Amino acid sequence: MSRAEPADRTLARAVERWFAGAARPLPWRTAPRDPWASLVSEVMAQQTQISRVLERYPAFIARFPTPRALAEAAEQEVLAHWKGMGYYRRARLLHAAARAIVERHAGRVPGEVSDLRALPGVGRYTAGAIASIALGQAEAIVDGN
């Protein structure tokens with residue numbers, strides 16, 4: 001550990017280096033990271049195995065590539081594209097979040113954690129994940145799994 005760098009920063013850098021080499025290639029891990037793709041994947045992954053998300057994500061994001069595309073869709077179409085994921089409340093909340101993004105943020109996923117947390121269905125973990133993964137902000141996230 002360097003005297004100039006605190007232990008927590010040293011640890012964070014070590015984890016970042018490990019992740020860069022060990023991370024699974026997932027369709028939402030694009031470069032640069034897309035906050036919308038991160039939001040969709042994080043909501044899909046709640047209470048679901050990643051293998052299930054991998055089955056549904058490509059078609060879902062192809063049909064709803066932007067918050068506006070999802071916001072303008074009928075609920076029944078959203079639910080049809082969510083089929084097989086279970087916990088349909090997540091789809092309804094993501095749909096509501098997309099509408100809020102369009103109405104309050106001109107169709108762009110907000111860049112502030114407080115604004116992310118104000119979206120329907122977005123809690124502390126999801127907001128922190130999007131902020132840190134897609135927006136490059138130093139936000140702490142803890143997953144209980």
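Which percent of the accessible area of the chain is formed by carbon and sulfur heavy atoms (probe 1.4 angstrom)? Before the final figure, lay out each step's value.
Details: 4500 of 8630 Å².
Exposed carbon and sulfur together represent 52 percent of the surface.
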222 nm mean residue ellipticity, helices alone, for the chain (DSSP H n ≥ 4; -39,500 (n - 2.57); rounded to 500) = -18000 deg cm²/dmol
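Just to confirm a number: summing +1 for Lys and Arg and -1 for Asp and Glu over residues other than Leu54 whose beta-carbon lies under 13 angstrom from that of Leu54, what do you get? All intermediate terms of the calculation are to be shown ahead of the outcome.
On the way: positive: Arg24, Arg29, Arg52, Arg56; negative: Glu55.
Net charge in that neighbourhood comes out at +3.
Using 1/(1 + (r/R0)^6) with R0 = 30 angstrom and r between the beta carbons of Glu72 and Ile141, what's the FRET efficiency to the nearest 0.05? Walk me through the numbers on the way to the answer.
On the way: r = 30 Å, r/R0 = 1.02.
Computed FRET efficiency for Glu72 and Ile141: 0.50.
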Between Glu112 and Ala96, with labels modelled 7 Å along Cα→Cβ, what's the label distance in nm to one decimal, could you check?
-> 2.2 nm
Once phi is turned into θ = phi - 60°, what whole-Hz ³J(HN,Hα) does the Karplus curve with 6.51, -1.76 and 1.60 give for every residue of segment 73-86, x standing for Gly and Pro?
-> 7, 6, 4, 5, 5, 4, 5, 5, 6, 8, 3, x, 8, x
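Where a ≥ b ≥ c are the square roots of the eigenvalues of the C-alpha gyration tensor, would you call segment 62-145 rounded, which needs a/c under 1.5, or, failing that, prolate if a/b is larger than b/c, or oblate? Don't skip to the end; give the middle numbers.
Numbers: a/c = 2.19, a/b = 1.38, b/c = 1.59.
Note, shape of segment 62-145 comes out oblate.
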Applied in sequence order to segment 34-44, the curve 6.51 cos²θ - 1.76 cosθ + 1.60 (Karplus, θ = phi - 60°) yields integer Hz couplings, x standing for Gly and Pro, of 9, x, 5, 4, 5, 4, 4, 5, 5, 5, 4
With θ set to phi - 60° and the Karplus curve 6.51 cos²θ - 1.76 cosθ + 1.60, what are the ³J(HN,Hα) couplings of segment 118-129 in order, to the nearest whole Hz, using x for Gly and Pro?
-> 7, 6, x, x, 9, x, 4, 5, 4, 4, x, 5
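The values are calculated or read from the model by the stated rules, or taken from the named source; none is laboratory data. Keep in mind the model is a prediction, meaning the values are calculated, not measured. Virtual Cβ from ideal backbone geometry, glycine too; neighbours counted across all protein chains shown. Please note that ligands, DNA and RNA were not included when accessible areas were found on the heavy atoms of the full protein model with its side chains. Shrake-Rupley method; radii C 1.70, N 1.55, O 1.52, S 1.80 Å.
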